[in-house]
Amino acid sequence: MTADHYLTLAGESTAMLREKASRFIGIAFPIANEEQFKERLTTAQKEHHAARHWCWAYVLGHHGEVHRSNDDGEPAGTAGKPILRHLQGAGLTYSAVIVVRYFGGTLLGKGGLVQAYGEAARAAIEQGTTDQCVVTALVHLTCGYAQFDKLRSEVADLGGSVMDSRFDALCHATIALPQSRVPAAVERWVLQGVHVIPHDQSK
């Protein structure tokens, strides 16, 4: 992935495996934030209320810089971390995996748990599809009509889009551009006499 792109899950997918009478159900799904993850976890716990463990991991941030995992009562490091490793190994962010365990009566040992939770996570992820998303930044422009026609074409060439526009004596527009292309584009437009305000400075 480039600095302008990240990979996420396109939708929810599941997989199940059995290990010495225990059932492990992997649920992989996209999330926008921690609150969305918590909502899906609560739903999974209700759906599988007879299960023994609901172990999980998630990754957030354009570069996967935010991540958490939880063993939910399993021996430390045997469930959440293996799940997280498969999310990170697949290069995913804004994504989560919950692995539900129905205990079958036979202890698996730490090595067996690491393998089972990791395999359930891997299988659930592989059952799904991914989306490559673009990291964009918003810029507000004010310019003349002749300039606006040229800008609109340039924005398209840069892989961006016009999100909103308003016309009076001048043209006013909100532009979404791939993040890495913003500094050079803004510098060029300012030199052309376009009034440019980055989104975070417009409030």
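The values are calculated or read from the model by the stated rules, or taken from the named source; none is laboratory data. Since the model is a prediction, treat every value here as computed from it, not as a measurement. Cβ atoms come from the backbone with ideal geometry, glycine included; neighbour counts cover every protein chain shown.
All of Gly61, Gly73, Gly26 fail the test of being in contact (Cβ under 8 Å) with a residue 24 or more places away in the chain and in contact with a strand residue (DSSP E or B) (Cβ under 7 Å, 6 or more places away or on another chain), apart from Gly26. Scanning the range 11-25 for residues that are at pLDDT 95 or above and among the small types (Gly, Ala, Ser), we see that the one that is farthest from the chain's Cα centre (by Cα) is Ala15.
Filtering the range 12-62 to residues that are part of a loop (DSSP other than H, G, I, E, B) and of a type in the set (S, T, N, Q) leaves only Asn33.
Which condition does Leu87 not pass, out of (1) part of a loop (DSSP other than H, G, I, E, B); (2) closer than 27 Å to Glu47 by Cα, if it passes all the others? Of everything listed in (1) part of a loop (DSSP other than H, G, I, E, B); (2) closer than 27 Å to Glu47 by Cα, Leu87 misses just condition (1). Can you find, within the range 63-80, the residue that is surrounded by the fewest Cβ atoms within 10 Å (Cβ to Cβ) among those that are part of a loop (DSSP other than H, G, I, E, B) and of a type outside the set (Gly, Ala, Ser)? Within the range 63-80, the match that is surrounded by the fewest Cβ atoms within 10 Å (Cβ to Cβ) is Glu65.
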